[in-house]
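These notes are about the structure you will find just below.
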Protein chains: 4
Amino acid sequence: MAGNRFGTLFSITTFGESHGAAIGVVIDGCPAGLQITSEEIQAELDRRKPGQSHITTQRKETDTVEILSGIFEGKTTAAPIALVIKNEDQRSKDYTHLKDTFRPSHADFTYAEKYGNRDYRGGGRSSARETAARVAAGAVAKKLLLHYGITIQGYVSSVYNIAVTKSYAELDLSKTENNIVRCPDEALAQQMIELIEAVRKAGDTVGGTVSCVIKNCKAGLGEPVFDKLHADLAKAMMSINATKGFEYGSGFEGVLLKGSAHNDAFEKQAEKIATKTNHSGGIQGGISNGMDIYFRVAFKPVATIMQQQESINTSGETIMLEGKGRHDPCVLPRAVPIVEAMAALVIADHLLRNKTAKL
Amino acid sequence: MAGNRFGTLFSITTFGESHGAAIGVVIDGCPAGLQITSEEIQAELDRRKPGQSHITTQRKETDTVEILSGIFEGKTTAAPIALVIKNEDQRSKDYTHLKDTFRPSHADFTYAEKYGNRDYRGGGRSSARETAARVAAGAVAKKLLLHYGITIQGYVSSVYNIAVTKSYAELDLSKTENNIVRCPDEALAQQMIELIEAVRKAGDTVGGTVSCVIKNCKAGLGEPVFDKLHADLAKAMMSINATKGFEYGSGFEGVLLKGSAHNDAFEKQAEKIATKTNHSGGIQGGISNGMDIYFRVAFKPVATIMQQQESINTSGETIMLEGKGRHDPCVLPRAVPIVEAMAALVIADHLLRNKTAKL
Amino acid sequence: MAGNRFGTLFSITTFGESHGAAIGVVIDGCPAGLQITSEEIQAELDRRKPGQSHITTQRKETDTVEILSGIFEGKTTAAPIALVIKNEDQRSKDYTHLKDTFRPSHADFTYAEKYGNRDYRGGGRSSARETAARVAAGAVAKKLLLHYGITIQGYVSSVYNIAVTKSYAELDLSKTENNIVRCPDEALAQQMIELIEAVRKAGDTVGGTVSCVIKNCKAGLGEPVFDKLHADLAKAMMSINATKGFEYGSGFEGVLLKGSAHNDAFEKQAEKIATKTNHSGGIQGGISNGMDIYFRVAFKPVATIMQQQESINTSGETIMLEGKGRHDPCVLPRAVPIVEAMAALVIADHLLRNKTAKL
Amino acid sequence: MAGNRFGTLFSITTFGESHGAAIGVVIDGCPAGLQITSEEIQAELDRRKPGQSHITTQRKETDTVEILSGIFEGKTTAAPIALVIKNEDQRSKDYTHLKDTFRPSHADFTYAEKYGNRDYRGGGRSSARETAARVAAGAVAKKLLLHYGITIQGYVSSVYNIAVTKSYAELDLSKTENNIVRCPDEALAQQMIELIEAVRKAGDTVGGTVSCVIKNCKAGLGEPVFDKLHADLAKAMMSINATKGFEYGSGFEGVLLKGSAHNDAFEKQAEKIATKTNHSGGIQGGISNGMDIYFRVAFKPVATIMQQQESINTSGETIMLEGKGRHDPCVLPRAVPIVEAMAALVIADHLLRNKTAKL
């Protein structure tokens, strides 16, 4: 297996399985001199951790981060930052019945085909538990961005058929953390919560979308041709478990505008050049233009349902599969910090890469 | 500038500006022993080249490929394959008036901000002309895939508000090349062509979507965690000029299914394990499962319109910009071979990467 | 800081400081299905650990390895293998006096210049303690090589002016571990030990050379042009602390042969094509040819001496520096497993890379 | 084949075979705004080109460079710089007799084993002709370094048994280009030339060493742990055809000094911190310390000799091989610009990498 590393200059390598000893991440390339505490990292992990509300999985993990290296006297030294989170509440026995089973729309079958030796306990390496390592690394990236005034804010913009129709600019994003579903529109948030509760009772699951906005990112980030800023954001988002789609700026809807309506006219503002509209989503030619960067990510419904499903076992025989274990009926609330973390990693990487653009 | 390289094992580096001496690509990592001719590469370039029909730009480029290295006695030697396409019909004077101008929704402003020294002739490096190099490299990747029985087929699935509503499985994709807009539904194709003609007359432009399906890809391609097959496809597609969104399998629509409906049940077929439905889009846990891989890409309307637009110049003064040059009113027909090429590059890379998955 | 990662397909990322919480490594890219135990890793670490004999540093570290991920039921799963070694005997107070001091021929000054925030405790990230992580990873690589029949054997070929003059082929390398200096010539070994003891008493240090031979490596490993097998070996060796030179095959001495004497004539042997001599060191054109690969690495004398030295502090003032702490008078005995580990990592990486050379 | 790319931020990809249409290089990552002309590149190529004197190969190549991209109005734009050199004097027929032959100490056998389909004309991709592409790219890197005041000077320090015994600091390196063998000691240069003439007449070949010094490189370049500045220099040098060894600073000789003699004492000079001696070769802990960086590279005698040699053919039969073609009796004079080019590429890359070391 490769592909456990992300980023060019600000890069991370994650490790760990759902039911192994620990998960973690090594950050390589963070500049020296950045103040960061384990509390700041923990705060982000707490937003992602299981059991944080009654609409998430009830697996009990404190997700306590331990810093093994790279921080000295409260500041980064530029040495690799190793962060480890011990697994505590592994009920691996819950998975013994899955040893020889391929769960529908999970990675069981593809891992078995590709690797042969498969850690079947809770999905092993394919578990979304891996994303805790991303969130921990993302906390460091966020702190670096803050040094440059850049902020990242994600929120749940739809659950199943309940969707926020307003643009991010019309919402008060500071309300996002006020409810357990992380939707800044409180009326819709309430509906989403009720929907998730009902779906859980029915032993079913739902998906939805996370929207995200990056503010105060100066012009110049992103590398043509292949490492366009939105291409790297797309890859980052699509590497998160359960994602099905990515769009930025006008997105798929932009297709329904003609060029004369879609073009973002420039205008000179007090201190900078801005655009009157922002269908470009803050990125032109793959490079940030100083406007807000915004995008949206689709998450499928969780594959583990508490219903009987027909499937097959490793011998190719048809079996009936019963849902067990502790799972989220909807990943969206916990996906918000993951989306933010991945966005922060992309922007941090491009911030560093941009330092060598010209003499 | 970095980011001109794509791929890990089967990798390409492209070069060249719209109005420079030539554009080209170096392929590094193609295995030895693959039969490939310049005619096969040329055939793909011809599908992308300007002036191929009255609904594309009238820039006259034969886009003739020259092979400089890497092929010996008709077969690859594993040495880098350098492919060069000379620029022939550069009317750089068409662009002199743009020297100090930032065209709306182009990369003029961001390149100027990032690099200072900007080749303003026809967009320079930011021009979609660069994608010819990708198509040339993609032709080699396609030939490699064919060696493993894998085929890739793209088609225009919508132009502005004219959309194919059938899934790829319900269409006869062999009809795609029968019309100049590359839509396999001939009635819709005719409507699309008429729309593009009307839009061109109005000096405006339209966008749309390209859909693509990859067939006969065996199970096991893709690398968790970050280099999931669909994450690499997403990046590949979003690196193409003018793209705004990517989705695979059930995509954004998948949000409107519950888990019980979205899950793809396994079934044992004659020789392999298959799924009854394919909301997964042929990829589970980031790894191909042997089913068809399919995805969809959104393209914005072309930014260059033949209408007056307000903009600003490099001094920050408001100016009126008039559309000049030879441009596509709609990039979709020419985008099809580009999407296919990028998909081929991703699959070829993962084919090679997969060779080291297990002992 | 970047550069904490090594390898292309079989790659490692190390982390940790001499006096931090722990050091460790994440291996990414090890194929699935390889049997490996923590005992096998520990055995290699024990060859490198401090305090193993009276001629090494007396720092007390058990260097106990903990496997955090990537091994399931005794075999690799292809998931990243995280290995952690806790630091136990950190006498960081020994280093307080060095906080504002630049020790001669150490990395104190260059780290301070480059990074600003410097972990001065025991050299921090620049400490050779980092190489324990390489040895742990190398143990996994060695096991992989063994699967292909490849073995790696290093030995001390000189300490100061006491040098083995015989070639590796004339020595009984199985005797290498019989003495604490790891020299297979027992008479010379005894002289080396006595020299090191005398040097230690004088508060001084000595360097030397490690030779290494790789056996049973089949033809075909190595990638022209830049990733020649010996170029990657050179980088691997020169990345080890305190190294000053690398040569393979005939090396610097080869300059004193004319082409007619230096060329290795081919001959057909029972099952394979071999060469009568091996000035090529088992590598031709950057690719292994099936003969023994052998090379030699120079290590400078340890920079920390137990004598007074003039130096300067961070304010640029001249100071007198007294040697403190627990240090090796000669790194050579402990360097052997490090050289072997780095060689194993290079060969393992090229074994995997070679799988994609031809159709 | 992979491994045709070198460098992390300032990176190059070379292509081309000895007797193909052309050789060339794509530079990716050069910052925008650097003034560079084709004449400056050509000047470096002229130092490497064949036929420049009677002691080099008589192959006639003008090695004329063509710039295909990346330079606009005399300055880099940060877009990839593609440089192409057409092959002109290919007497491929000279090589027909080698189609089925493995020349001793060449890459014929290993390429055949690894790739199957081998371009046997003049060594194909394994020919040192590839290094012209490096020299062209190195010219751009040198110009970038000059912007920062850094200069690189190589010279021939030995041919066979005729060796310069003085250190670089005792020589007048400005005399290096005054003679055709590129040795700054004119008496020794004359001896070297006579030796090469005699060796050529005897149909034999000789090797030697190139020494190189990098001046005015500020402190801070190099990345611990694996990408130490000297580790990257080692790899760069050992990737050049025919190299057998690398040493920097005190090198292999440094082994014969004790720590108390080898350590470089710091002293405060007018504007900077310097060391009284420089056994460290300008690099401490893998990072430049502001002193001169110097190193030495060993080149074996050219494998193609004009004498009869026993060898085998692809069927494993013993044959007699007669030397044909036009070859160098000694590569050293032409190796000097190659060594400089590779050194320039390493330093340029680390200059850019260093820009992200701290906040």
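The values are calculated or read from the model by the stated rules, or taken from the named source; none is laboratory data. Predicted model, so just to flag it, every value in this text is computed and none were measured. Backbone-built Cβ (ideal geometry, glycine too); neighbour counts: all protein chains shown. Surface areas here come from the heavy atoms of the whole protein model, side chains and all, with no ligands, DNA or RNA. Shrake-Rupley method; radii C 1.70, N 1.55, O 1.52, S 1.80 Å.
Laid out as a table, the results:
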item: Selection count, region C:135-182, where residues are outside any strand (DSSP E or B), β-branched (Val, Ile, Thr), over 13 Å from C:Val210 (Cβ atoms) and touching a residue at least 40 places away in the same chain (Cβ under 8 Å); result: 4
item: Qualifying residues in region D:305-315 (those that are facing chain C (nearest Cβ under 7 Å) and closer than 28 Å to D:Ile240 by Cβ) - the one most open to solvent (accessible area, probe 1.4 Å); result: D:Gln307
item: Flag if C:Asn241 is polar (S, T, N, Q), more than 19 Å from C:Thr131 (Cα to Cα), open to solvent by 10 Å² or more (accessible area, probe 1.4 Å) and at pLDDT 95 or above; result: no
item: Output for region B:1-16, where each listed residue is out of contact with any Ser or Thr (no Cβ under 6 Å at 6 or more places or on another chain) and touching a residue at least 40 places away in the same chain (Cβ under 8 Å); result: B:Met1, B:Phe6, B:Gly7, B:Thr8, B:Phe10, B:Ser11, B:Ile12, B:Thr14
item: Output for region A:233-269, where each listed residue is more than 7 Å from chain B (Cβ to nearest Cβ) and under 21 Å from B:Lys228 (Cβ atoms); result: A:Leu233, A:Ala236, A:Met237, A:Ile240, A:Asn241, A:Ala242, A:Thr243
item: Test: D:Thr318 is modelled with pLDDT under 95, at the interface with chain C (Cβ under 10 Å from one of its Cβ atoms) and under 24 Å from the mean Cα position of the chain (by Cα); result: no
item: Residue check for C:Pro31: in contact (Cβ under 8 Å) with a residue 60 or more places away in the chain, within 14 Å of chain A (Cβ to nearest Cβ), open to solvent by less than 10 Å² (accessible area, probe 1.4 Å) and more than 21 Å from C:Pro337 (Cβ to Cβ); result: yes
item: Residue in region C:281-294 that is nearest to the other protein chains (Cβ to nearest Cβ), counting only those that are within 22 Å of D:Asn4 (Cβ to Cβ) and part of a loop (DSSP other than H, G, I, E, B); result: C:Gly285
item: Conditions (1) without any contact (Cβ under 8 Å) to a residue 12 or more places away in the chain; (2) closer than 30 Å to A:Ala137 by Cβ; (3) open to solvent by 30 Å² or more (accessible area, probe 1.4 Å); (4) of a type in the set (Ser, Thr, Tyr); number of the one not met by A:Thr356; result: (3)
item: Residue satisfying condition, being of a type in the set (Gly, Ala, Ser) and either at positive phi or out of contact with any strand residue (DSSP E or B) (no Cβ under 7 Å at 6 or more places or on another chain) (or both), within set D:Ala79, D:Ala32; result: D:Ala79
item: Pairs with Cβ under 6 Å, 6+ apart, first in region A:282-298 and closer than 14 Å to B:Thr243 by Cα and open to solvent by 10 Å² or more (accessible area, probe 1.4 Å), second hydrophobic (A, V, I, L, M, F, W, C) and part of a loop (DSSP other than H, G, I, E, B); result: A:Gly285/B:Ala107
item: Matching residues, region D:255-278, being touching a residue at least 12 places away in the same chain (Cβ under 8 Å) and either within 21 Å of C:Leu332 (Cα to Cα) or among the acidic types (Asp, Glu) (or both); result: D:Leu257, D:His262, D:Asn263, D:Asp264
item: Which numbered condition C:Val302 fails, given (1) over 27 Å from D:Ala274 (Cβ atoms); (2) open to solvent by 10 Å² or more (accessible area, probe 1.4 Å); (3) in contact with a Cys (Cβ under 9 Å, 6 or more places away or on another chain); result: (1)
item: Residue selected from region A:1-17 under the condition at the interface with chain B (Cβ under 9 Å from one of its Cβ atoms) and hydroxyl-bearing (Ser, Thr, Tyr), by the criterion farthest from B:Gly3 (Cα to Cα); result: A:Thr14
item: Selection from region C:213-232 of residues that are open to solvent by less than 10 Å² (accessible area, probe 1.4 Å) and more than 7 Å from chain D (Cβ to nearest Cβ); result: C:Val213, C:Ile214, C:Cys217, C:Leu221, C:Gly222, C:Leu229
item: Odd one out for C:Thr96 among (1) among the β-branched types (Val, Ile, Thr); (2) in a helix (DSSP H, G or I); (3) crowded, with 24+ Cβ neighbours inside 10 Å; (4) away from chain D (no Cβ under 12 Å); result: (3)
item: A:Ile338 vs. criteria more than 10 Å from chain B (Cβ to nearest Cβ) and in contact (Cβ under 8 Å) with a residue 40 or more places away in the chain; result: yes
item: Positions within region A:172-196 being surrounded by fewer than 14 Cβ atoms within 10 Å (Cβ to Cβ) and over 20 Å from A:Thr151 (Cα atoms), in sequence order; result: A:Glu186, A:Ala187, A:Glu194
item: The lone exception for A:Gln307 - which of (1) part of a loop (DSSP other than H, G, I, E, B); (2) under 27 Å from B:His230 (Cα atoms) it fails; result: (2)
item: Search result, residues across region D:42-54 that are open to solvent by less than 20 Å² (accessible area, probe 1.4 Å) and either out of contact with any Lys or Arg (no Cβ under 9 Å at 6 or more places or on another chain) or of a type in the set (D, E, K, R) (or both); result: D:Leu45, D:Arg48, D:Ser53
item: Residue match in region C:26-40 (condition: closer than 26 Å to B:Glu223 by Cβ and under 19 Å from the mean Cα position of the chain (by Cα)); result: yes
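For every residue, the table says whether it meets (1) β-branched (Val, Ile, Thr); (2) open to solvent by 10 Å² or more (accessible area, probe 1.4 Å); (3) under 30 Å from D:Glu130 (Cβ atoms); (4) more than 14 Å from chain A (Cβ to nearest Cβ).
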| residue | (1), (2), (3), (4) |
| --- | --- |
| B:Thr56 | yes, no, no, yes |
| B:Lys60 | no, yes, no, yes |
| B:Thr64 | yes, yes, yes, yes |
| B:Ser69 | no, no, yes, yes |
| B:Ala78 | no, no, yes, yes |
| B:Ile81 | yes, no, yes, yes |
| B:Ile85 | yes, no, yes, yes |
| B:Asp108 | no, no, no, no |
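Per-residue answers, yes or no, for (1) open to solvent by 30 Å² or more (accessible area, probe 1.4 Å); (2) among the β-branched types (Val, Ile, Thr):
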position: C:Gly123; (1), (2): no, no
position: C:Ala132; (1), (2): no, no
position: C:Val135; (1), (2): no, yes
position: C:Glu170; (1), (2): yes, no
position: C:Ser211; (1), (2): no, no
